[in-house]
Amino acid sequence: MVSGVRVVSVVDAIADNLRDAVLDGSLSPGTALTETDVAGRYDVARPTAKAAIEKLVADMILERGNHKTARVRTLGPDDVRDIYLARDALESSAVRHIIETGKSPDAADQLDRMVKLMQDSEKANDWEAVGQYDLEFHTALVASSGSERLQRMFSTVISETRLCLGVLTAADARSDLVEEHRQIAVLVRDGRTDDALSVLKKHFDDAVVTLRGRDHDTQEKKE
């Protein structure tokens with residue numbers, strides 16, 4: 001195996017492709033995905049298509065009731081609030097554990113790397129990349145805690161975050177977005193737990209306001 005190359009199964013490859021289609025808007029909220037449709041789209045057997053669909057249901061990208069067709073999830077304002085409430089709980093726990101267990105230097109190094117990538121992408125006006133590195137920053141934060149259970153819970157909520165964020169655009173981005181992430185990294189490195197949690201909470205509160213405002217604007221356009 002070539003070092004650094006991630007080998008994926010057919011199921012994972014299909015699920016990743018469908019996830020990308022959801023996140024870039026090619027598959028809009030409410031769109032139905034049947035085993036027959038997916039099998040035909042990717043020229044695979046129905047059991048393979050079913051496994052890919054079930055993977056996205058588990059990741060909260062798709063939803064369905066008992067014996068019903070899977071559909072792209074539709075997230076409302078209450079969902080957005082709840083997602084960020086869960087993220088605040090998980091990431092705050094990660095910050096506390098990182099600082100309490102002396103993992104701040106290594107964690108901050110990982111976070112600084114993501115901040116640099118965010119900054120470079122912002123300068124290049126590549127807002128999709130800014131959004132991606134934003135999520136990778138928070139993923140690195142939780143991973144730095146070393147807690148497998150925190151990471152497992154976080155994997156679900158970050159999938160839902162990707163769904164409500166979609167593709168970040170210049171209209172969504174705040175002027176202090178990169179700076180907030182830089183502050184969090186610095187405060188984690190310095191072991192300033194309360195200050196790090198305060199900036200993290202503000203970051204999440206601002207995100208909720210931005211996303212709810214975008215949903216409101218979208219709804220007005222439809223009307």
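Quick one: would you say LEU163 is in contact (Cβ under 8 Å) with a residue 60 or more places away in the chain, closer than 26 Å to ALA21 by Cα, of a type in the set (A, V, I, L, M) and open to solvent by less than 70 Å² (accessible area, probe 1.4 Å)? Answer is yes for this residue.
Suppose we keep only residues that are of a type in the set (D, E, K, R) and over 14 Å from ASP112 (Cβ atoms) within region 128-148. Which one would you say is most open to solvent (accessible area, probe 1.4 Å)?
Looking at residues that are of a type in the set (D, E, K, R) and over 14 Å from ASP112 (Cβ atoms), I get GLU148.
Applying the condition of being more than 22 Å from PHE204 (Cβ to Cβ) and in a helix (DSSP H, G or I) to region 117-146 and asking which residue is modelled with the highest pLDDT yields ASP120.
Cβ-Cβ distances below 6 Å connect the following pairs, each with a first residue in region 135-156 that is among the β-branched types (Val, Ile, Thr), a second residue that is open to solvent by 60 Å² or more (accessible area, probe 1.4 Å), and a separation of six or more residues or different chains: VAL142/GLN151; THR156/MET60. Determine whether region 71-81 contains at least one residue that is in contact with a strand residue (DSSP E or B) (Cβ under 7 Å, 6 or more places away or on another chain) and open to solvent by 60 Å² or more (accessible area, probe 1.4 Å). Checked against the condition, which is being in contact with a strand residue (DSSP E or B) (Cβ under 7 Å, 6 or more places away or on another chain) and open to solvent by 60 Å² or more (accessible area, probe 1.4 Å), region 71-81 yields at least one hit.
Selection within region 1-31: residues that are closer than 22 Å to LEU165 by Cβ and at pLDDT below 85. The member of this set that is surrounded by the most Cβ atoms within 10 Å (Cβ to Cβ) is LEU23.
When THR36 is tested against (1) open to solvent by 40 Å² or more (accessible area, probe 1.4 Å); (2) under 26 Å from CYS164 (Cβ atoms), only condition (2) is not met. For first residues located in region 29-54 and free of Cβ contacts under 8 Å to residues at least 12 places away in the same chain and more than 19 Å from GLY65 (Cβ to Cβ), partners that are open to solvent by less than 70 Å² (accessible area, probe 1.4 Å) and assigned to a helix (DSSP H, G or I) and lie 6+ apart or on another chain with Cβ distances below 8 Å form the pairs ALA39/THR48; ALA39/ALA49; ALA45/ALA39; ARG46/GLU35; ARG46/ALA39.
Of everything listed in (1) open to solvent by less than 40 Å² (accessible area, probe 1.4 Å); (2) among the aliphatic types (A, V, I, L, M); (3) more than 21 Å from ARG73 (Cβ to Cβ); (4) modelled with pLDDT under 85, the single unmet condition for ALA171 is (1). Every residue in region 97-116 that is part of a loop (DSSP other than H, G, I, E, B) and either free of Cβ contacts under 8 Å to residues at least 12 places away in the same chain or under 30 Å from GLU35 (Cα atoms) (or both), please. Answer for region 97-116, where residues must be part of a loop (DSSP other than H, G, I, E, B) and either free of Cβ contacts under 8 Å to residues at least 12 places away in the same chain or under 30 Å from GLU35 (Cα atoms) (or both): just GLY102. Go through region 44-84 and give me each residue that's charged (D, E, K, R) and closer than 22 Å to SER9 by Cβ. Residues satisfying the conditions are ARG46, LYS50, GLU54, LYS55, ASP59.
The values are calculated or read from the model by the stated rules, or taken from the named source; none is laboratory data. Just so you know, these numbers come straight off a predicted model, no measurement behind them. Here the Cβ is made from the backbone with ideal geometry for all residues, glycine too, and neighbour counts use every protein chain on show. Just so you know, the surface numbers come from the protein's heavy atoms only, side chains and all, with ligands and any DNA or RNA stripped out. Shrake-Rupley method; radii C 1.70, N 1.55, O 1.52, S 1.80 Å.
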